[in-house]
Amino acid sequence: MPKPLHLRLPATSANLGPGFDALGLSMALYLDIEATEAPADTITATGRNPELTADAQRSLIFTTYRDVLAQQGIAAPKLHLNLHNEIPLGMGCGSSAAALLAGVHLANHFGNLNWTPHQVMTDACLREGHPDNVAACALGGMTASTQQGTEILTATLGLDLPWKLLLALPSASLATEKARALLPDTYSRADAVANIQRSSLLVAAFAFNRPELLRTAMQDRIHQPYRSDACPLLPRLLPLAEHPGVYGVALSGAGPSVLLIVDHLSPLESIKSVICEAAGDPSMELLTTTIAGPVEVTV
């Protein structure tokens, strides 16, 4: 019988403004899973949204786990998952990417697949359909990624940056499918060039600890303008990129939450007060976190 497996998977914020489907940032909000073989598939859940994460029949983790092993012709051993979740669901914080990566790791371990970490990440990326969130969850830091056929190519940077991250969460969630449906099929050359320029600058900002570049580097013309109506916090908080101590502001993934990168030496409570006033939403939740490392896999 395989030994229990412990997984610690970070939340992620994709796009960071202009890096649409290409850039992702890991955040120190975690999905922790302790998995053991059991008579039936069951979940004990604590943390955020336990009523959803405890449903073994609808769990993306279990669905992925079973599907990976079925494709390998292996009967999936029954598991009990002791799960603690800190990742907001349906908020553009990479909850599905963490669940997919967890499912593939469980299949690799309990199915004795002997896949490398890169193979595990690749399988999860292909299931997600775009690698930005999964790659950042697997590798940590700010990860740039692309898909070439069935191969996933990545580069990770910014793991040691001290910047603070603030996540502004509205009360209502937004499905990724709905957020993608808001986007146009074509873009002007000017918009494409603007995003290429800013994405390049954004990578440089993380690579060389140049936070002063983020105000411009996190501007976007590909997806944020089209999602503003469905993500009302975005137009209210984007102007705060000009506020002292705030480096940059962007929609987190497909939204509706908003990511603000701030100076770790600035008075955080003062910045939070400004954010709450600008949001004008008493139901908004504001989380404070930092850049996280890669997924932790412990036997």
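The values are calculated or read from the model by the stated rules, or taken from the named source; none is laboratory data. Computed from a prediction, not measured in an experiment: that's the story for all the values here. Positions of Cβ are generated from backbone atoms using ideal geometry, with glycine treated the same way; all protein chains shown enter the neighbour counts.
Which condition number in (1) surrounded by 15 or more Cβ atoms within 10 Å (Cβ to Cβ); (2) in contact with a His (Cβ under 6 Å, 6 or more places away or on another chain); (3) among the aliphatic types (A, V, I, L, M) is the one that residue 79 fails?
The one condition residue 79 does not meet is (2).
Please tell me if residue 107 is in contact (Cβ under 8 Å) with a residue 24 or more places away in the chain, under 17 Å from residue 27 (Cβ atoms) and not hydroxyl-bearing (Ser, Thr, Tyr). Even if it seems obvious, please write down each step before you answer.
Numbers: in contact (Cβ under 8 Å) with a residue 24 or more places away in the chain: yes; under 17 Å from residue 27 (Cβ atoms): no; not hydroxyl-bearing (Ser, Thr, Tyr): yes.
The answer is no for residue 107.
Quick test for you: out of 273, 283, pick the one residue that is under 22 Å from residue 175 (Cα atoms) and either modelled with pLDDT of 95 or more or not acidic (Asp, Glu) (or both).
Details: 273 fails: under 22 Å from residue 175 (Cα atoms).
Just a single option satisfies the conditions, and that option is 283.
Can you pull out the residues in region 264-278 that are in contact (Cβ under 8 Å) with a residue 40 or more places away in the chain and in a helix (DSSP H, G or I)?
Scanning region 264-278 gives 268, 271, 272, 275, 278.
Can you name the strands (runs of 3 or more DSSP E) wholly within region 147-263 that have at least 1 residues being without any contact (Cβ under 8 Å) to a residue 60 or more places away in the chain?
Result: 151-157, 246-251.
If I filter region 172-185 for residues that are β-branched (Val, Ile, Thr) and within 19 Å of the chain's Cα centre (by Cα), do I get at least one hit? If you could, list the steps in order and put the result at the bottom.
First pass over region 172-185, keeping only residues β-branched (Val, Ile, Thr): 176.
If we keep only those that are within 19 Å of the chain's Cα centre (by Cα) as well, we get 176.
Yes, region 172-185 has at least one match.
Is at least one residue of region 57-66 out of contact with any Ser or Thr (no Cβ under 7 Å at 6 or more places or on another chain), small (Gly, Ala, Ser) and surrounded by fewer than 19 Cβ atoms within 10 Å (Cβ to Cβ)?
Scanning region 57-66, I find no residue that is out of contact with any Ser or Thr (no Cβ under 7 Å at 6 or more places or on another chain), small (Gly, Ala, Ser) and surrounded by fewer than 19 Cβ atoms within 10 Å (Cβ to Cβ), so the answer is no.
Residues in region 8-21: is at least one surrounded by fewer than 24 Cβ atoms within 10 Å (Cβ to Cβ), at pLDDT 95 or above, under 15 Å from residue 139 (Cβ atoms) and of a type outside the set (Gly, Ala, Ser)?
Yes, region 8-21 has at least one match.
Out of 214, 201, which single residue is touching a Gly at 6+ places or on another chain (Cβ under 6 Å), at pLDDT 95 or above and of a type outside the set (Val, Ile, Thr)? Lay out the reasoning, then the answer.
Details: 201 fails: touching a Gly at 6+ places or on another chain (Cβ under 6 Å).
Being touching a Gly at 6+ places or on another chain (Cβ under 6 Å), at pLDDT 95 or above and of a type outside the set (Val, Ile, Thr) holds for just one of 214, 201, which is 214.
For region 161-206, which residues satisfy the criterion of being closer than 16 Å to residue 228 by Cβ and either surrounded by 19 or more Cβ atoms within 10 Å (Cβ to Cβ) or not assigned by TED's automatic domain parsing to the domain that holds residue 238 (or both)?
The initial filter retains those residues of region 161-206 that are closer than 16 Å to residue 228 by Cβ, namely 168, 170, 172, 174, 178-184, 191.
Answer for region 161-206, where residues must be closer than 16 Å to residue 228 by Cβ and either surrounded by 19 or more Cβ atoms within 10 Å (Cβ to Cβ) or not assigned by TED's automatic domain parsing to the domain that holds residue 238 (or both): 168, 170, 174, 179.
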